[in-house]
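These notes are about the structure you will find just below.
The values are calculated or read from the model by the stated rules, or taken from the named source; none is laboratory data. Just so it is clear, the structure is predicted and the values come from calculations on it, not from any experiment. Cβ sites come from the backbone with ideal geometry, for glycine too, and all protein chains shown count toward neighbours.
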C-alpha cells in the first residue's frame, strides 16, 4: 500500500513537474514573442521612412513624383543584396541571431539618419536608402528565424504577430510625418533611427538563442541551391512570390492613389494619416489571420487572402469612381487582404524547410520575393506614363492569381 501511494506520489510529482515546465515554456515564449514583436515594430520603421518624407525630398531636391518608385526600389534592392549576402554565408544559422539583429539595427539606423545631412543629392539619397535596405535583411528575416527557434508549435500565430509588427512599423513613418507636420521632415528620420537602435538593443539584451535552434556548424556555400528541393517548400515559396508581386507596389502607391482621388474628386484627404491607417491596419489583420490559421490551417487562410487581394486589384478601376467613404473603406480592406497571407506563407516556408537551414531558407525566399517587388514597382511606375491611372493596379492581380495557382497545385 505504501509503495503504491509512493508510486502515485511520484507520478503526481512528475505530472506537476511536466505542467510546471510547460507553463514556464509558455511564459517564456510569450515574453520572447512580445520582445521580438516590439523590436520588429521599432526597427522596420526604417523601411518607408524615405517614402513618408517624399514630398519634402521632392521640394528640396527637385524630384518628380515618379521618383517615388526609384526611392522604394533602392530600399528593396539593398534588401535583396543583403539577403543574398546573409543567405550565401548562412549568417543567421552560423552566428547568434540576436547579435546579427542588433548589429543590423545599428547600421540600418545610421544610414537612415545620414539622409538629413545638408547638401544631399538624389544619388546620395538612393545610396543611403540602399544601405538601409541592406541591413534590414538582418532584421526582418532574422527576426522570423529567432521566433522559429522558440516555437515548434504555433509558429503561424507567432509569425503573424511578427509580420503585423512589420506592417505597423512600415506604416509608422506616415503617422510620424502627420504628427510632426509642422516640424522639419528630418525629425521623421531621427525618430525612426532612434526607434531602430532601441529595438535592436531589446533583442540583444533580452533574447537568447531559442531551444529549437539548430546552429550550422560550418559554412555551406551550396545551401542556397538546395532549399528548393522539397515540393511543398517550392509551392509555399511560389505562393509567397505571387503575394510579393502585389504587396509593396500597393504599399508604395497608397499615397499616390489617395492624391489622385483627391485631385479627381476635389476632396480634402489627410494623405499621411490615411496612408498610415490603410497600411497599418493590415498589421491588426495579421493578428487575426494568425488566430484563424490555428483553427483552419495556414494554407487555407492564405488562399482566401490571396483571392481577396487579387479581386481588389481587379475592382480598383471601379472604386476610383466611388464615393469617398466607400473608396477609403475599399483601400482599408485591400490593405487587410494584401498582407494577411504574408506570415502564413512564411510559416509554410519555415515548416517545409530543412531545420538546419531554416534561417537561410527564410532569407533566400525573402530575397527572391523582394526581387520580384522591384520588377513590380518599376513596371507600375513605367505604366503610369502610358496607362490611365484608374486601370494601373489591375496588373498587380497577376501575383495573387499565380500564388493561388501554386498553392492549389501542392494539394
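A compact table of results
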item: Breaking point among (1) over 21 Å from residue 257 (Cα atoms); (2) in contact (Cβ under 8 Å) with a residue 40 or more places away in the chain; (3) in a helix (DSSP H, G or I), for residue 338; result: (1)
item: Residue that is modelled with the lowest pLDDT, among those in region 360-411 that are outside any helix (DSSP H, G or I) and more than 29 Å from residue 134 (Cα to Cα); result: 411
item: Any hit, region 135-144, residues being in a helix (DSSP H, G or I), closer than 20 Å to residue 50 by Cβ, modelled with pLDDT of 90 or more and under 20 Å from the mean Cα position of the chain (by Cα); result: yes
item: Options 308, 297, 290, 321: the member that is surrounded by 20 or more Cβ atoms within 10 Å (Cβ to Cβ) and either out of contact with any helix residue (DSSP H, G or I) (no Cβ under 7 Å at 6 or more places or on another chain) or over 17 Å from residue 395 (Cβ atoms) (or both); result: 290
item: Odd one out for residue 304, checked against (1) touching a residue at least 60 places away in the same chain (Cβ under 8 Å); (2) more than 27 Å from residue 229 (Cβ to Cβ); (3) within 22 Å of the chain's Cα centre (by Cα); result: (1)
item: Among the candidates 166, 159, 172, 110, residue that is in contact (Cβ under 8 Å) with a residue 40 or more places away in the chain, in a helix (DSSP H, G or I), surrounded by fewer than 24 Cβ atoms within 10 Å (Cβ to Cβ) and in contact with a helix residue (DSSP H, G or I) (Cβ under 9 Å, 6 or more places away or on another chain); result: 110
item: Filter pass, residue 383 being over 16 Å from the mean Cα position of the chain (by Cα) and closer than 21 Å to residue 271 by Cβ; result: no
item: Residue 350 more than 22 Å from residue 261 (Cα to Cα) and either outside any helix (DSSP H, G or I) or in contact (Cβ under 8 Å) with a residue 60 or more places away in the chain (or both); result: yes
item: Lone qualifier among 151, 77 - being surrounded by fewer than 24 Cβ atoms within 10 Å (Cβ to Cβ) and either touching a strand residue (DSSP E or B) at 6+ places or on another chain (Cβ under 6 Å) or part of a loop (DSSP other than H, G, I, E, B) (or both); result: 151
